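**Student:** Handing you a structure now.
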Ligand SMILES: [Cu+2]
């Protein structure tokens, strides 16, 4: 059966109104040192614009965690210390998209650290012996069987690698823009 739907009348005189965000984009602090320390801890984070803050598992007390920003080819060590409850179990941090050894890759079932312990990851920021290319990557929990839970709870942060060939990029005003 074929029918015809006829809509009559005018649009009511409405005009589209530009959408407004209820809160500014969260911009985490930026760490630039050759050896940075990031506590893994519970924190109450402003997620909803109003009402109570949200209890999350965080890198460094914010969501996303602190942004690590380093020049390519400059060795970078990141020490994570686990202050989450014992019941969370072992943690593993994967630097997504980077080149480094297997032991520093955030293996899901080995090289774990747990409550009260820390682990230092070594990232030379090289590729085949040469400085790697600039990249906008991120680090995140990578624990076997718990990766989705741990990421939903908040264990993610950005890692920017700069090189001399690529204009510097940075998160600003909700979008990537050229800062140079
Ligand atoms: Cu990943």
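Every number here is computed from the coordinates shown, using simple stated rules; none is lab data. The model shown is predicted, which means the values in this text are computed figures rather than measured ones. Here the Cβ is made from the backbone with ideal geometry for all residues, glycine too, and neighbour counts use every protein chain on show.
**Student:** Run the helix sum for the chain: -39,500 (n - 2.57) per DSSP H stretch of 4+ residues, divided by residue count, reported at 222 nm to the nearest 500 deg cm²/dmol.
**Tutor:** -1000 deg cm²/dmol
**Student:** Roughly what would the spin-label model give for residue 127 and residue 2, points 7 Å off Cα along C-beta, in nm?
**Tutor:** So the two model labels end up 5.7 nm from each other.
**Student:** Given axes a ≥ b ≥ c from the Cα gyration tensor, I'd like to know whether region 54-125 is rounded (a/c under 1.5), prolate (a/b larger than b/c) or oblate.
**Tutor:** It comes out oblate by the Cα gyration axes.
**Student:** What residue among 20, 44, 29 shows peak mean-square fluctuation when the chain is described by a Gaussian network model with Cα springs under 10 Å?
**Tutor:** Comparing 20, 44, 29 in a Gaussian network model of the chain, the most mobile one is 20.
**Student:** What nm value, rounded to one decimal, do you get for the distance between residue 10 and residue 29 when each label is placed 7 Å out toward the C-beta?
**Tutor:** Result: 5.7 nm between the two label points.
**Student:** With a 10 Å Cβ neighbour count serving as the proxy for reagent exposure, in which order, fewest first, do 68, 38, 2 appear?
**Tutor:** So the residues, fewest neighbours to most, are 2, 38, 68.
**Student:** May I ask you to compute the full-extension gain from residue 22 to residue 166, defined as 0.36 nm times their residue separation minus their alpha-carbon distance, rounded to one decimal in nm?
**Tutor:** 48.5 nm
**Student:** In the Gaussian network model of the chain, springs joining C-alpha atoms below 10 Å, which of 53, 165, 69 carries the largest mean-square fluctuation?
**Tutor:** 165
**Student:** In what order do 147, 114, 101 fall by count of nearby beta-carbon atoms within 10 Å, going from fewest to most?
**Tutor:** 101, 114, 147
**Student:** What length, rounded to one decimal in nm, is gained on full extension from residue 115 through to residue 96, with 0.36 nm per residue of separation minus their alpha-carbon distance?
**Tutor:** Stretched out fully, the residue 115 to residue 96 stretch lengthens by 4.5 nm.
**Student:** First obtain the Kirkwood hydrodynamic radius of region 32-166 from its Cα pairs, then insert it into the Stokes-Einstein equation at 4 °C and 1.567 mPa s, and state the resulting D in µm² per second as a whole number.
**Tutor:** Here the translational diffusion coefficient equals 85 µm²/s.
**Student:** Gaussian network model of the chain, Cα springs within a sub-10 Å range: biggest mean-square fluctuation belongs to which of 65, 13, 116?
**Tutor:** Ranking 65, 13, 116 by mean-square fluctuation puts 13 first.
**Student:** Another one. State the Cα centre-to-centre distance between region 106-125 and region 1-41 in whole Å.
**Tutor:** 35 Å
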